[in-house]
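The values are calculated or read from the model by the stated rules, or taken from the named source; none is laboratory data. The model shown is predicted, which means the values in this text are computed figures rather than measured ones. All Cβ positions, even for glycine, are placed from backbone atoms using ideal geometry, and neighbour counts span all protein chains on display.
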2 protein chains.
Amino acid sequence: MVLQTSFAEIRGNDLYIDNVKASDLAKKYGTPLYVMSEGHIRHQMNELKEKFMDKYDKALPLFASKSFSCLAIYKLAQEYGIGIDCVSAGEISIALKAGFDPKKIYFHGNNKLPSEIEYAISHGINHFVIDNFNEIDLVEKIAGELNEKVYATLRVVPGIKAGGHNFIQTGHKDTKFGFSSHFGIYLKAIEQIVNSENIVFEGLHAHIGSQVFDLYAYISAMQKFMGFVDEIYDKFGIVVSKVNAGGGYGIAYNKKDEPLDFETITSEIMKVINGHYDERGWDRPAVLIEPGRYVVGNAGITLYTVGTIKEIPDVRTYVSIDGGMSDNIRTALYDAEYDGIVANKAGETKTKTVTIAGKCCESGDIIAKDLPVTANIEAGDIFAVFSTGAYNYTMSSNYNQLPKPAVVFTYEGKSKTVVRRQTFEDLIAYDVEENY
Amino acid sequence: MVLQTSFAEIRGNDLYIDNVKASDLAKKYGTPLYVMSEGHIRHQMNELKEKFMDKYDKALPLFASKSFSCLAIYKLAQEYGIGIDCVSAGEISIALKAGFDPKKIYFHGNNKLPSEIEYAISHGINHFVIDNFNEIDLVEKIAGELNEKVYATLRVVPGIKAGGHNFIQTGHKDTKFGFSSHFGIYLKAIEQIVNSENIVFEGLHAHIGSQVFDLYAYISAMQKFMGFVDEIYDKFGIVVSKVNAGGGYGIAYNKKDEPLDFETITSEIMKVINGHYDERGWDRPAVLIEPGRYVVGNAGITLYTVGTIKEIPDVRTYVSIDGGMSDNIRTALYDAEYDGIVANKAGETKTKTVTIAGKCCESGDIIAKDLPVTANIEAGDIFAVFSTGAYNYTMSSNYNQLPKPAVVFTYEGKSKTVVRRQTFEDLIAYDVEENY
């Protein structure tokens, strides 16, 4: 097992997160509980700042709102001066509520609604990652009505396939995202923007996938993009002034995963971009990256209480916990693999293999298959699942009418609630009694 | 295309649900919108009542809370006198809030928490579908403390595999649910209950899967169960007085699906059970069924507004709608297949094949692949997806911080809100600001 964050450690027989004993957190806040190491988050944001933003001119890393979105995370992002990407007006509204600088928000999405475009522009968001022709028309019209300018980077499909799972492979040809680079389609889009009144063409956006471990995929996407940059110069005489190199940097969920080094990815990307621009004698462009789950993925540890343990002779042992696919749907949805440990017996040797099952009324509600655990695992133990910081809270549901867990941050030996646990009353907060 | 409910129809160029024009609903309530045909729901509940509950002695059909849970549905179930199954204290709390009779609630689940068991018993729920040994201990203890009796049916694994998808196949050996019938395991459980002070043994529960289209699977499960009934009589001298035959009756999501006739399933089940009891000269037992999504599945139609349409030459055409995996995760999760139609162009011939994509920032966010639609589909059209009544609202999330859609009931030409749409404010309703 790998702890997957240096902010967690095993001392004696106990798991500690930011120097707080995990079982104390379970006692204090109840389970299931999303614990997020603020220590880890700050460390990662600082990496983005020091190893990318401060290191290069006009460089901006964007935190992926969809990986983990709540008031507290935007306040941290704001503190480090990094940017964010948002994929809906909902995400934007939360970021703004947290006091986030609208000029550092990049608005993404394959189907931005007219109402969302209006919301964004009227709230000062003027960086759009433009995805399609319909959006160009809508933004041109709405920006005009609001008398604002929108700065556009175009999402262009690099035609490169990378990433761990079909669902999160977005760079190949058959995708709902972006403009095709074939048949001159993206050039038509640029032409339309160049001829528009309210949209300013700035550059290109590339996204090749999520949970990517292949350095060459990043390099070759950027090499392809430098070809696009040349094409644009040849056709329009415009030097692309902003390159959003995307991201989807893979993190370790278990010991099989071998993440790339952050600085290696970014320096290779910068080498391709700056090398090309220097060669052409152009001013270097602004470069953005979107490291995705890199900031929060390994920061999260979900704590559960162990309940039923069912040994099916010759088949398998199911250990049921008090949460499940309602708080972590990634195993069911992507066959994601999670690692975990009995937090209050963390020092013991793991001699038993079990399957960690959720409490939802559904066979697919499994959190981790065939996981080694201590043989004396029993009801009442606290089970910690690692690397649940991204796409757990944001994808959570009330399936089976399970209240959503609280989110607790830990930092330097202390803890605080950032999202409170739902109650049964909350489950019907939106039910209304109307008559026909 | 099949409309999948007789309460929807196409008149002229428009889709109507319970005699209400779908595009009028979209205009009135906005999109995405969960429309539930109360006409359909009442029809199905009435079938349960007339063709099962009233037809047989001691027969009780149970509505599956997890398929669709809100105050309004429990009120309808109460009106028809049918029972419900609940899989959590959260579901129970909502049913009770709606005024549902606690004596007609059956409490299910592979990992009922001590707090849930206490909640259930202290609120008058005394029918438990007991799943495991740990639960027997907990119920015995908690019922004792509360000075109440609990009536137990035991979930026994029939060892029969049926149903459309791995995730929803629950009757085979490798399952987190129930007691194995091998190695005499379930008999040990009965022995423990018989010797308990606060749990009354009533009978057995079988569940072979969900979305089942195979009549023989039901018959052979019941035949197997009659073997268990004999075993129990031989060992304990007890005649099983309650048989919960489970359910998971398949419904049609598209024209490939061929659902069994409700009365055929139940009469075949009753034939096996009553035949066996008559032969043995025993009083016939109470029989319960759990028809699952049968009540609400086809009642639901989700209305979306069409946005971006992206034609990728030689690949496919993506039609993006204003919802997605946040309101319907079943396509991404189970490869579920949905049918749909442009509600405001419902009379037109379908000459174009498209993929209906959601607006979530994720390639897997697809609602329906390769669906025939009218060639003049365009932004602003209302797209209706059929048979979204089960496991859509209850599995919905705020992924991408998309507010959850409203749920609207339609009935005899009228409509009413039963769950209101979420606002951006609701997205941070549980965020708190604490200091360390």
- Item | Test: B:LYS188 is surrounded by 24 or more Cβ atoms within 10 Å (Cβ to Cβ), touching a strand residue (DSSP E or B) at 6+ places or on another chain (Cβ under 9 Å) and either in the same structural domain as B:PHE236 (by TED's automatic domain parsing) or not in a loop (DSSP other than H, G, I, E, B) (or both) | no
- Item | Residues of the stretch B:84-99 satisfying the condition of being more than 8 Å from chain A (Cβ to nearest Cβ) and either surrounded by fewer than 23 Cβ atoms within 10 Å (Cβ to Cβ) or at positive phi (or both) | B:LEU96, B:ALA98, B:GLY99
- Message: What are the pairs with Cβ atoms under 7 angstrom where one residue, in the stretch B:205-222, is crowded, with 24+ Cβ neighbours inside 10 Å and assigned to a helix (DSSP H, G or I) and the other, located anywhere, is charged (D, E, K, R) and modelled with pLDDT of 90 or more? Sequence gap at least six, or different chains.
- Response: B:TYR218/B:GLU268
- Message: Checking the structure you have, find out if any residue of the stretch B:231-238 is more than 30 Å from A:ASN134 (Cα to Cα), assigned to a helix (DSSP H, G or I) and acidic (Asp, Glu).
- Response: yes
- Has the stretch A:370-377 got any residue that is in a strand (DSSP E or B), surrounded by 23 or more Cβ atoms within 10 Å (Cβ to Cβ), more than 8 Å from every other protein chain (Cβ to nearest Cβ) and among the polar types (S, T, N, Q)? no
- Query: Within the stretch B:397-406, can you find the residues that are within 7 Å of chain A (Cβ to nearest Cβ) and not in a strand (DSSP E or B)?
  - Reply: B:TYR399, B:ASN400, B:GLN401, B:LEU402, B:PRO403
- Task: Looking only at the stretch B:407-436, count how many residues are more than 7 Å from chain A (Cβ to nearest Cβ) and under 19 Å from B:ALA8 (Cβ atoms).
- Result: 7
- Matching residues, the stretch A:378-387, being assigned to a strand (DSSP E or B) and closer than 17 Å to A:THR331 by Cα: A:PHE383, A:ALA384, A:VAL385, A:PHE386
- Item | Flag for A:LYS345 being within 27 Å of the chain's Cα centre (by Cα) and among the basic types (Lys, Arg) | no
- Note on the structure: Of the residues in the stretch B:173-185, those that are surrounded by fewer than 21 Cβ atoms within 10 Å (Cβ to Cβ) and either in contact (Cβ under 8 Å) with a residue 40 or more places away in the chain or part of a helix (DSSP H, G or I) (or both) number 5
- Query: Out of the stretch A:350-365, which residues are surrounded by 16 or more Cβ atoms within 10 Å (Cβ to Cβ) and either facing another protein chain (nearest Cβ under 8 Å) or not hydrophobic (A, V, I, L, M, F, W, C) (or both)?
  - Reply: A:LYS350, A:THR355, A:ALA357, A:GLY358, A:LYS359, A:CYS360, A:CYS361, A:GLU362, A:SER363, A:GLY364, A:ASP365
- Query: Which ones in the stretch B:311-340 are part of a strand (DSSP E or B), modelled with pLDDT under 95 and facing chain A (nearest Cβ under 8 Å)?
  - Reply: B:ILE312, B:ARG316
- Message: One residue is enough: does the stretch A:325-332 have a residue meeting the conditions over 30 Å from the mean Cα position of the chain (by Cα) and on the phi < 0 side of the Ramachandran plot?
- Response: no
- Residues that are β-branched (Val, Ile, Thr) and either at pLDDT below 95 or closer than 30 Å to A:ASN254 by Cα (or both), drawn from the stretch A:204-236: A:ILE208, A:VAL212, A:ILE219
- Task: For B:ILE356, state whether it is without any contact (Cβ under 8 Å) to a residue 24 or more places away in the chain and on the phi < 0 side of the Ramachandran plot.
- Result: no
- Being free of Cβ contacts under 8 Å to residues at least 40 places away in the same chain and within 30 Å of B:ASP18 (Cα to Cα) narrows B:ASP234, B:ASP257, B:ASP278, B:ASP261 down to just B:ASP261
- Query: A:GLY30 versus (1) closer than 25 Å to B:ASP365 by Cα; (2) within 10 Å of chain B (Cβ to nearest Cβ): which is the lone unmet condition?
  - Reply: (1)
- Looking only at the stretch A:383-391, decide whether some residue is within 26 Å of the chain's Cα centre (by Cα), surrounded by 24 or more Cβ atoms within 10 Å (Cβ to Cβ) and within 11 Å of chain B (Cβ to nearest Cβ). yes
- In this structure, is B:ASP85 assigned to a strand (DSSP E or B) and either over 15 Å from B:ALA120 (Cα atoms) or under 16 Å from the mean Cα position of the chain (by Cα) (or both)? yes
- Message: Could you go through the stretch B:356-363 and let me know if any residue there is farther than 27 Å from A:CYS86 by Cα and in a strand (DSSP E or B).
- Response: no
- Message: Can you tell me which condition A:GLU47 does not meet? The list is (1) more than 26 Å from B:GLN401 (Cα to Cα); (2) touching a Gly at 6+ places or on another chain (Cβ under 7 Å), and all the others hold.
- Response: (2)
- Note on the structure: Note on the stretch A:341-353: residues polar (S, T, N, Q) and either in contact (Cβ under 8 Å) with a residue 40 or more places away in the chain or not in a strand (DSSP E or B) (or both) are A:ASN344, A:THR349
- Hey, B:THR394 hits all of (1) touching a residue at least 24 places away in the same chain (Cβ under 8 Å); (2) in contact with a helix residue (DSSP H, G or I) (Cβ under 7 Å, 6 or more places away or on another chain); (3) crowded, with 24+ Cβ neighbours inside 10 Å; (4) facing another protein chain (nearest Cβ under 7 Å) but one; which does it fall short on? (3)
- Message: It is to be established whether one or more residues within the stretch B:55-62 are under 16 Å from B:VAL150 (Cα atoms) and either among the charged types (D, E, K, R) or touching a helix residue (DSSP H, G or I) at 6+ places or on another chain (Cβ under 7 Å) (or both).
- Response: no
- Task: Test A:ILE73 against the criterion of being surrounded by 22 or more Cβ atoms within 10 Å (Cβ to Cβ), of a type outside the set (Gly, Ala, Ser), within 14 Å of another protein chain (Cβ to nearest Cβ) and in contact (Cβ under 8 Å) with a residue 40 or more places away in the chain, and give yes or no.
- Result: yes
- Query: Tell me, which residue of the stretch A:108-141 that is in a helix (DSSP H, G or I) and of a type in the set (S, T, N, Q) is farthest from the other protein chains (Cβ to nearest Cβ)?
  - Reply: A:SER122
- Query: What is the residue count in the stretch B:2-60 for residues that are part of a loop (DSSP other than H, G, I, E, B) and on the phi < 0 side of the Ramachandran plot?
  - Reply: 12
